[in-house]
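For reference, the structure discussed in these notes is given below.
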Amino acid sequence: MAIPDLILLHAPSVYDFRHKSILYGPVSDLVPSTPVFEMYPIGFTTMAEYLERSGLHTRIVNLAVRMLEDKNFNVEEALRKLDALAYGIDLHWLPHAHGSIEVANMVKRLHPASPVIFGGFSSTYFHRELIQYPAVDFIVRGDSTEGPLLMLMQYLRGGGASHPAPGAPDYRALEKLPNLVWKDADGSCHTNPLTYCPETLDDLLLDYSHVLRSVVRYRDLASYKPFRNWLQYPITAALTVRGCRYNCVTCGGSACTFRSVHNRAQPAFRSPEKLAQDIRRIGEFSHGPVFVLGDIRQPGPDYAERFLNAIAGYKKPVFIELFDAAPREFFRRVAEALPNFTVEISMESHDEGVRRAFGRPYSNADIEASINYALEEGCQRLDLFFMVGLKKQTYQSVMETVDYSQAMLRRYKAAGEHRVIPFISPLAPFVDPGSQAFEQPEKHGYRLFCRTLEEHRQALLAPSWKYVLNYETDWMNRDQIVAATYEAGRRMNLIKGEAGVIAAEVAEATDLRIAQATRLMGEIDRIMLNTHDSGERHLRLHELKQRVDNANLSTVCDKSELEIPVGGMRINMLQAATRIVSDWWDDLLAPRRPED
Ligand code: SF4
C-alpha cells in the first residue's frame with residue numbers, strides 16, 4: 001500500500017465527545033451530520049485530488065465518523081499506525097475548534113518529526129492565534145488552498161520536512177509560498193501575504209473520483225465516509241462558487257467576509273458546463289441526491305441557462321437553493337432540464353423587517369409566488385428554513401413565524417398539496433467569525449461571549465448548547481433563544497403532523513424528544529446554578545450522560561424529514577469500479593510529468 005505524502009484528518013467537534021456529557025441541542029438538525037459535525041469539508045476532496053494530480057499521494061481519515069461508529073475505536077492507536085510525510089487538519093467550521101487542536105496535539109506527540117498543517121475558514125480567521133499552539137506548524141490561509149498546499153507539500157518533499165528542527169531550513173523558499181503562516185526554528189511566527197485567490201473554480205475536480213480511487217488504494221471505506229449515515233443516504237454536494245454576492249449579517253461566507261478575510265473581491269464560479277459534468281459523474285456511481293451549493297442564478301442569467309442546457313435530461317434527484325425570489329420561467333427551465341428537482345429556500349423569518357435586517361432582500365409576496373411557481377412546475381419538494389437568533393427578532397416574532405407556517409400549510413393542505421415543508425432551528429452554536437455581526441456586534445444588536453479561538457474552544461465543553469452559544473441579541477438573551485427554539489420547534493412539529501407533511505408517529509416521537517430535551521436543559525441549569533463545587537458539579541452532570549446522549553439526535557425535527565426517498569442500489573459499486581478502472585487507464589495513457 002502506498003505511503004501517503006499527506007493525510008487529511010477530520011476531528012469531531014469536541015474531543016472526546018464519547019466521554020463527555022454535553023446536550024448539543026438542535027445545532028445540527030438541519031444538516032446531514034450529527035452534533036459531532038462529522039462531515040468533512042468539501043475542500044478535503046478538492047485538495048486531495050489536486051495533490052494527487054501532481055503525484056502526491058493523499059489520504060483522508062475521518063476520525064469523527066470512526067469514533068461515532070465504534071465506541072471502542074482507539075484514536076491514538078489509529079493515529080500511531082499512520083505514516084505520512086505531513087498531516088493536515090481542517091479547522092473550517094468553528095465548532096471544530098476543540099477537536100481539531102486536540103487531534104493536532106496527539107499527532108504531534110506520536111509523529112513529532114511530521115509537520116502539522118491547518119486550513120479552512122476558521123483557521124484563516126484565527127491564524128495569528130492558531131499558529132501559537134505548539135502542535136501547529138503551518139496554516140494555509142484563504143478560501144482556495146489547493147495551490148498553496150501543493151507548493152508547501154513540494155517544499156516538504158524536497159527536504160523541508162525537518163522544519164522547524166534546528167539545522168538549515170530553507171526559509172527563503174518558505175517566505176515565497178503564498179497564503180502560508182509558519183514558524184521558524186526559534187518559534188517565531190511569520191505570515192506570508194494572502195495572494196493566491198483564483199478567479200474561477202475550473203482548475204478543480206469536484207466529482208469525487210479521487211475519493212473512490214483512494215477507498216480502493218487504502219482499503220478503507222470507513223475513513224472516507226463524509227458522515228455517519230452516508231451509505232444509507234448518499235447525498236453529495238456540487239459546488240458552484242466560492243464567495244457570495246450577498247451580505248447576510250451573521251454569515252461567514254458573505255461578500256464582505258470573503259473580502260476582508262480571504263482577500264476575495266469577487267466570487268469565483270465553476271463554469272456551468274463543468275458543474276453539469278460534476279453532477280453527471282456523481283450520478284454514475286450514486287443514486288443519492290446532489291445538492292448544488294450556491295444559487296445557480298448568482299453569476300447572472302446566462303450561467304443558469306448554460307448550466308440547465310448542459311445538465312438537461314439528468315433524471316436523478318438534484319437539490320437547488322434560492323437566495324432570492326425567482327420567476328415562473330426559471331422553474332419551467334429547471335423542470336425541463338432536471339425533472340427530479342427539490343428547492344431549498346432560507347426565508348429566515350416570516351417578518352419582512354427581520355429578514356431584510358438579516359440581508360435577504362425579498363418580500364413575502366415575492367417568495368410565496370416563487371413557491372407556487374416551483375410547485376406548479378413540478379418540484380419534488382420544497383424546504384423552507386426559518387431561524388432563531390436573528391437581528392430584530394423577538395420571542396413573539398419567532399412564535400409568529402410558526403403561525404405564518406401554519407397558515408401556509410393549511411392553505412396547501414386544503415389544495416391537497418403536501419410538498420412544502422417548513423423547518424425552524426437556532427443560529428447555533430456560533431455567529432460566524434468574520435461576519436458583520438461578529439466584527440461589529442453592537443451595530444447589529446449582538447453581544448458576544450467569546451472572541452478568541454481559545455474562548456470558543458473552552459465554550460464547546462459547556463454542558464449544554466445554551467452555554468456554548470457565543471452570542472445573545474438585544475431582542476433575546478440566551479435563555480430566550482433556547483426557550484424560543486424549543487417552543488417553536490414543538491409547535492412547528494405539531495403543525496407539520498396536523499398538515500400531514502410528516503407522519504403522525506414521526507411528529508409524536510419528535511414531540512417526546514423535545515419535551516425530554518427541555519427537561520434536561522432545566523436539570524442542567526439547576527446543577528449549574530446550585531452546585532458550586534466543581535468536582536461535584538462534574539459528577540452530577542455526568543450522571544445525565546445517558547439521557548443527554550439519547551436526546552442529542554434530531555431534537556426539533558427528525559433528520560429523515562430532510563431526506564427524499566432514494567431507490568435501488570444507493571451506491572452502484574460496479575459503476576464505481578468501472579469509473580476507477582477507466583480513470584486508471586486515463587492516467588496510464590496520460591503523458592508523464594518529469595517528476596513522476
Ligand atoms: S447566508 Fe447569505 S451571505 Fe451567506 S452564503 Fe447564503 S446568501 Fe451568501
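The values are calculated or read from the model by the stated rules, or taken from the named source; none is laboratory data. Predicted model only: the values in this text are computed from it and were never measured. Reconstructed Cβ throughout: ideal geometry from the backbone, glycine too, with neighbour counts over all protein chains shown. When the accessible area is computed, the model is the full protein with side chains, heavy atoms only, and any ligands, DNA or RNA have been set aside. Shrake-Rupley method; radii C 1.70, N 1.55, O 1.52, S 1.80 Å.
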Problem set entry | Sorted peptide list for 255-264, 90-99, criterion being average Cβ within 10 angstrom, highest first | 90-99, 255-264
For this session: Apply 1/(1 + (r/R0)^6) to the Cβ-Cβ distance of L461 and D202, taking R0 = 35 Å, and write down the FRET efficiency to the nearest 0.05.
Result: 0.25
Seminar exercise, completed: Calc'd 3J(HN,Hα), the stretch 234-249, phi into Karplus 6.51 cos²θ - 1.76 cosθ + 1.60 (θ = phi - 60°), Hz, glycine/Pro = x, comes to x, 7, 10, 10, 10, 9, 8, 7, 10, x, 7, 8, 8, 9, 5, 4
Problem set entry | Inter-label distance for E439 and D16, nm, one decimal - labels placed 7 Å from Cα along Cα-to-Cβ | 4.1 nm
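Set the Förster radius R0 to 41 Å, insert the Cβ-Cβ distance between K81 and Y171 as r into 1/(1 + (r/R0)^6), and round the FRET efficiency to 0.05.
The value I calculate is 0.80.
Residue separation times 0.36 nm, minus the C-alpha to C-alpha distance between H532 and V216: what's the value? Before the final figure, lay out each step's value.
Working: separation 316, 0.36 × 316 = 113.76 nm, distance 5.35 nm.
Taking 0.36 nm per residue and subtracting the Cα distance, the gain is 108.4 nm.
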Seminar exercise, completed: Subtracting the Cα-Cα distance of R157 and A509 from 0.36 nm times their residue separation yields 121.3 nm
Exercise. What are the semi-axes of the equivalent ellipsoid for the stretch 202-279, taken as the square roots of 5 times the Cα gyration tensor eigenvalues, largest first, in whole Å?
Worked result: 30, 16, 12
Seminar exercise, completed: With every protein chain in place, the accessible area of F285 for a 1.4 Å probe, in Å² rounded to the nearest 10, comes to 10 Å²
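Using every Cα-Cα pair within the stretch 287-373, state what percent have a distance larger than 22 Å.
Details: 1023 of 3741 pairs.
Of all Cα-Cα pairs in the stretch 287-373, 27 percent lie more than 22 Å apart.
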Exercise. Which whole-percent values make up P(r) of the chain when all C-alpha to C-alpha distances are grouped in 20 Å steps starting at zero?
Worked result: 19, 56, 24, 1
For this session: For the stretch 465-515, state the average projected area of the convex hull of the C-alpha atoms over all orientations, rounded to one decimal in nm².
Result: 4.0 nm²
Problem set entry | Free-standing Cys, the chain [no other Cys Cβ under 4.7 Å] | C189, C197, C244, C256, C379, C450, C557
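Would you mind telling me the share, in percent, of accessible area of the stretch 370-507 contributed by carbon and sulfur at probe 1.4 angstrom?
Values: 2380 of 4970 Å².
Summing carbon and sulfur atoms, their accessible area is 48 percent of the total for the stretch 370-507.
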For this session: Could you list which residues have their amide H under 5 Å from that of M347, counting only those 5 or more apart in sequence or on another chain, with H placed in the peptide plane?
Result: F385
Problem set entry | Two-site FRET efficiency, K315 against E376, from Cβ-Cβ distance with R₀ of 35 Å, rounded to 0.05 | 0.95
For this session: Pop a pseudo-label 7 angstrom from the Cα along the beta-carbon direction at both S260 and R411 and give the gap in nm to one decimal.
Result: 3.8 nm
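Over 13 Å apart: what share of the alpha carbon pairs of the stretch 405-476 falls there, rounded to a whole percent? Don't skip to the end; give the middle numbers.
Numbers: 1819 of 2556 pairs.
The answer is 71 percent, as a whole percent.
Could you provide, to the nearest whole Å², the per residue accessible area of the chain with probe 1.4 Å? Intermediate results must be reported in sequence, preceding the final value.
Values: 23340 Å² over 596 residues.
Ligands and nucleic acids excluded, the figure is 39 Å² per residue.
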Exercise. Once you treat every alpha carbon in the stretch 249-339 as an equal point and sum by Debye, what is log10 I(q)/I(0) at q = 0.18 Å⁻¹?
Worked result: -0.86
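Per-residue ellipticity at 222 nm for the chain, helices alone: DSSP H runs ≥ 4 residues times -39500 (n - 2.57), over residue total, nearest 500 deg cm²/dmol? Walk me through the intermediate numbers first.
Numbers: 25 runs with 258 residues, N = 596.
Only helices count here, giving -13000 deg cm²/dmol.
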